[in-house]
Structures are given as C-alpha cells and as structure tokens.
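Down below is the structure, laid out as structure tokens.
The values are calculated or read from the model by the stated rules, or taken from the named source; none is laboratory data. Just so you know, these numbers come straight off a predicted model, no measurement behind them. As a convention, Cβ positions derive from the backbone with ideal geometry for all residues, glycine included, and neighbour counts pool all protein chains shown. These accessible areas exclude ligands, DNA and RNA; they are computed on the full protein's heavy atoms, side chains included. Shrake-Rupley method; radii C 1.70, N 1.55, O 1.52, S 1.80 Å.
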Amino acid sequence: ARATQGHIGRARRLATDERARARRAAVLKVPLRVADVGGCLKAAQELIDTATEDAKQLAEEVDAKETEDLKAALGAAAGGRMPRGTAGAMKELEDKQKRRKTRTQRDSLDLALTELTGFYRDVLALQLGSRIAIANVDVQDTLDRIVESSTPAQTLRRIDAVIACRRAMDRNVAPLLAVEAMTMSLRAG
C-alpha cells in the first residue's frame, strides 16, 4: 500500500501479480541506468517494450473471445464463412480492439511514469530532510545513491522531465520519442 501511495487497486495488483512487481522494480531501476546516452535509449526502449507486451497480453485474453462471440452472434458456423453483410461489424470490432490496445499501452506507460514521479518525490523529500513517509522504502539503497549524487534542483528538473513526457504523450507524440526525451533529461538532471 505504501509503494502505491494508497491506491488500493494498484496495491492489490502488486500483492497478487508477480509480473506487476517485476515491472515496478524495473521502472525503479531506470534512474540508475541513465548514466550514459546508450543507457538512456535502452531504458526508454525497455519501458516501451514492457508497455507493448502488457497491451498484447490483455488483447490476447480479451480479443479472441470478443471475436468469437461476435461471429456467433452474426451467425457464422464453426470454422465456416461469415454471412454476407457482416464484414462491417467485424471491421468495427477490429478497430475497437486496436484502439483499446493503444490505450492499454499508454496506460501502462503512464503507470511507469507515475512510479518514476513517486521515486523522485522521495529523493527530493530525503534531500530536503522532510519527515514525510517515503513511498519507495523497498529501494532505499537506490534512493540514497541518487540523493548523494544530485541536488534538489536536479531532482526538480527530473520530475519536470517526467511530467513533460506525460504531457507529450497526451498530445499524441510517439511514445518512444517522448520516453527517450525523458530519459535523456533524467540523465542531464
């Protein structure tokens, strides 16, 4: 619950889903991986790949069932051809599934960016000697390394870089481009 800053749905998912815990751990290692340009680009690509894999997994679970249900509703025989006049309905379903996959990918990226923002919030709190509860106590060693190697001004610029990435994605900038720009800004501090 502390790691999700009180978000009950995310807390439940972290508690029950090993893959969700692994993704969170990978995201929280990004600040240590942006020491050089290659590391920045690789970290960005991995964030995008993870989000794409999440979207693909969800699509595989839901899309096949939706497609079969629609085919049955339209009167397709098992393994047979679709009746005339049903191609439009099938195309509409495919378009809906494609939009959902894109939205899922962006939601997954947004969750990763939320994790990064929380991480840098904790760094800033430690740098300023605040008494607020640290959300990411499970990566205290990483927090300490970033606290010691940067200033509060750099941390604020890093938070701004994460926020700028979210805004860019809201404006439909290509996700890889937005995340690469962010990781390069995280490096620069």
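A few points about this structure:
- Highest-first packing order for the peptide set 82-89, 147-154, 181-188 is 181-188, 147-154, 82-89, based on the mean count of other beta carbon atoms within 10 Å.
- Karplus 3J(HN,Hα) series, Hz, for segment 21-35 with 6.51 cos²θ - 1.76 cosθ + 1.60 (x for Gly, Pro): 5, 5, 5, 4, 4, 5, 5, 6, 8, 3, x, 8, 9, 9, 6
- Cross-link reach list, lysines versus K101, counting only Cα pairs under 24 Å and skipping chain neighbours closer than eight places: K42, K56, K65, K71, K91
- Extension gain (nm, one decimal) between A87 and E18, 0.36 nm per residue minus Cα-Cα: 20.8 nm
- Sorting the segments 39-47, 13-21, 164-172 by their residues' average number of neighbouring beta-carbon atoms within 10 angstrom, most packed first, yields 39-47, 164-172, 13-21.
- Per-residue [θ]222 nm for the chain (sum of -39500 (n - 2.57) over DSSP H runs n ≥ 4, rounded to 500): -26000 deg cm²/dmol
- In Hz, Karplus ³J(HN,Hα) per residue of segment 87-94 (6.51, -1.76, 1.60; θ = phi - 60°; x = Gly, Pro): 4, x, 5, 5, 5, 4, 5, 4
- Estimated FRET transfer efficiency when R0 is 22 angstrom, pair D138-I8 (beta carbons, to 0.05): 0.75
- Histogrammed with a bin width of 5 Å, the alpha carbon distances of segment 52-134 distribute as 3, 13, 16, 13, 11, 9, 8, 6, 6, 5, 4, 4, 3, 1 percent, first bin at zero.
- Sorted largest first by accessible area at a 1.4 angstrom probe radius, with every protein chain in place, the residues R23, R100, R145 fall in the order R145, R100, R23.
- In the chain, the ratio of gyration radius to Kirkwood radius, Rg to Rh, stands at 1.11 when only Cα atoms are counted.
- Length gained on full extension, R100 to A26: 24.2 nm, using 0.36 nm per residue less the C-alpha separation.
- Difference of contour (0.36 nm per residue) and Cα-Cα distance, R167 to D36: 44.7 nm
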